Amino acid sequence: MDELKRGEIYYINFPYTLDPRYPNGKDKFVLVLQEGEYFKKYDTVEILLVTSDKHYKPREEYITDVEIEVGTTKLSERSWLLCAQPYPVPKALFCKQGVWCAGKLEPEKMDEVDEALYNGLCMGLQNELTEEIKIEYEKQLGSTGTES
């Protein structure tokens, strides 16, 4: 198997589905998130799912979906990366028959993915929560006029 590269989109058999119609997994496009020396020692790689479902309603109000425009990869339809839930999958899945690479996203698109992942995984939320608690505390102090 060639080394997987961050930003590459592959067509693999994704094993984690709850749909009883697919007890052996479902063929899906996925985006590779990891590469490099450090990750070579692992037998899994983190991926994101890609959807090209015609019934999928883009969730513009959600900041965790990233659009892949037609023509930027070998994907034949408008597609979206679902960045709220990365999955670890065995690298061996990429060695199976029928697996193929549909292209690699540009660095600018991967920047969008990184931002959506950051939001989708609630990274940095502890700072926002701390600020919200501080504001609420100050409001309570203002309404009672005393400090405990």
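Every number here is computed from the coordinates shown, using simple stated rules; none is lab data. Not measured: the values here are computed from a predicted model. Reconstructed Cβ throughout: ideal geometry from the backbone, glycine too, with neighbour counts over all protein chains shown.
Think of the range 8-144 as having a plus end and a minus end, set by charges on the Cβ of Lys, Arg, Asp and Glu; of 30, 101, 20, 20 sits farthest toward the positive end of this dipole.
Computed on the Cα trace of the chain, the radius of gyration divided by the Kirkwood hydrodynamic radius gives Rg/Rh = 1.14. Stretched out straight at 0.36 nm per residue, the stretch from residue 118 to residue 62 would grow longer than its current Cα-Cα span by 18.9 nm. Between residue 136 and residue 111, the C-beta separation translates, for a Förster distance of 41 Å, into a calculated FRET efficiency of about 0.75. Straightening the chain between residue 125 and residue 39 buys 28.3 nm, computed as 0.36 nm per residue apart minus the Cα-Cα spacing.
Adding -39500 (n - 2.57) for every DSSP H run of four residues or longer, then dividing by how many residues the chain holds, sets the calculated 222 nm ellipticity at -8000 deg cm²/dmol.
In degrees between 0 and 90, to the nearest 10, how far off the longest principal axis of the chain does helix 107-120 point, with axes built from Cα atoms? That helix lies at roughly 50 degrees to the long axis. Residue separation of residue 27 and residue 85 scaled by 0.36 nm, minus their Cα-Cα distance, works out to 19.1 nm of gained length. Reachable lysines from residue 41, Cα under 29 Å, same-chain residues fewer than 8 places away excluded? Within the straight-line cut-off, residue 41 pairs with 5, 26, 28, 91, 96, 104, 109.
Ranked by the mean number of other Cβ atoms within 10 Å per residue, highest first, peptides 18-29, 65-76, 36-47 order as 65-76, 36-47, 18-29.
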